[in-house]
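Enquirer: Take a look at the following structure, please.
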Amino acid sequence: MQKANTKSKLMLAAIDLMAEKGYKGVSTKEIAAAAGVTEMTLFRNFGSKMNLLEQAVEHYHYAVEMTQLFQDQLIWDLRADLLLISGMYHDIMNRNRKLFLIVLGDNELTGIREKAQKHPQALFELLTNYFSQMLEQNKLIAKDPQAQAMTFMWMNYGAFISQLYGGGAAMTEETAARIMASSIELFVRGLTP
């Protein structure tokens, strides 16, 4: 348990410092000090600053939580399910916004960005399977489940990125929730028989 706690402290310290100073602007010594451990502890746990960031991306991204949601919480009602999925997506993305700023903001982190693509790919597969099953249950009009999944993902990703890069300052949580509910309502009306 202690090792997991140390790893979490190091990952969170790295995310905070890198969000503030950029990936290159932070040393392993600074990260270790912010986490309250020695630099040697950082290297024993992660080996390098790059590996620390890669593991943070893996640990804090959304594939595991979304998979659990799809397995345990869906009720096969399009409106309710899409609101639940969208809400979870935005909760996770907003909770990890510093991590996304780091990874998206540094051109030297393309390797991490490429590895992180498995998370949107997993969500795409979950959504495609969901829409396919809803189609089989005659709860959707005959459309393309892959296109529906991609459209739903881009709608949510676009809303997140807009808030991440400036739109969020003027948009309250209530406004964002209202916009997502309206978007989902349009989605539901377009797909319901």
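Bear in mind that the values in this text are calculations on the coordinates, not laboratory data. Source: prediction; values computed, not measured. Virtual Cβ from ideal backbone geometry, glycine too; neighbours counted across all protein chains shown.
Enquirer: Using a Förster radius of 41 Å, what is the FRET efficiency between LYS115 and MET40 based on their Cβ-Cβ separation? Nearest 0.05, please.
Expert: Rounded to the nearest 0.05, the efficiency is 0.95.
Enquirer: Take the Cα gyration tensor of region 2-57, multiply each eigenvalue by 5, square-root it, and list the three semi-axes largest first, rounded to whole angstrom.
Expert: Each semi-axis is √(5λ); the values are 15, 11, 10 Å.
Enquirer: Among TYR89, TYR130, TYR165, which one shows the biggest mean-square fluctuation in a GNM of the chain, springs joining Cα atoms closer than 10 Å?
Expert: Looking only at TYR89, TYR130, TYR165, the largest GNM fluctuation is found for TYR165.
Enquirer: Next question, about the same structure. Below 17 Å, Cα to Cα, which aspartates and glutamates can LYS29 reach? Residues fewer than 8 away in the same chain don't count.
Expert: The qualifying aspartates and glutamates are ASP16, GLU20, GLU39.
Enquirer: Hey, another quick one. Please build a GNM for the chain, connecting alpha carbons under 10 Å apart, and tell me which residue among GLN55, GLN137, GLN121 fluctuates the most.
Expert: Ranking GLN55, GLN137, GLN121 by mean-square fluctuation puts GLN137 first.
Enquirer: So, one more: As a check on your grasp of the helix formula, calculate [θ] at 222 nm for the chain: sum -39500 (n - 2.57) over DSSP H runs of n ≥ 4, divide by the residue count, round to the nearest 500.
Expert: The helix contribution divided over the chain gives -25000 deg cm²/dmol.
Enquirer: Please give the length that would be gained between TYR165 and SER48 if that part of the chain were fully extended, namely 0.36 nm times their separation in residues minus their C-alpha to C-alpha distance (nm, one decimal).
Expert: 39.2 nm
Enquirer: To continue, here is another question. Only Lys, Arg, Asp and Glu count, each charged at its Cβ (+1, +1, -1, -1), so figure out the dipole size of the chain about its Cα centre, rounded to 20 debye.
Expert: It works out to roughly 440 debye.
Enquirer: Quote the convex hull volume per residue of region 5-141, based on C-alpha atoms, as a whole number of Å³.
Expert: Per residue, the Cα convex hull of region 5-141 comes to 112 Å³.
Enquirer: Consider all pairwise Cα distances in region 61-191 and report the whole-number % of them above 25 Å.
Expert: 27 percent
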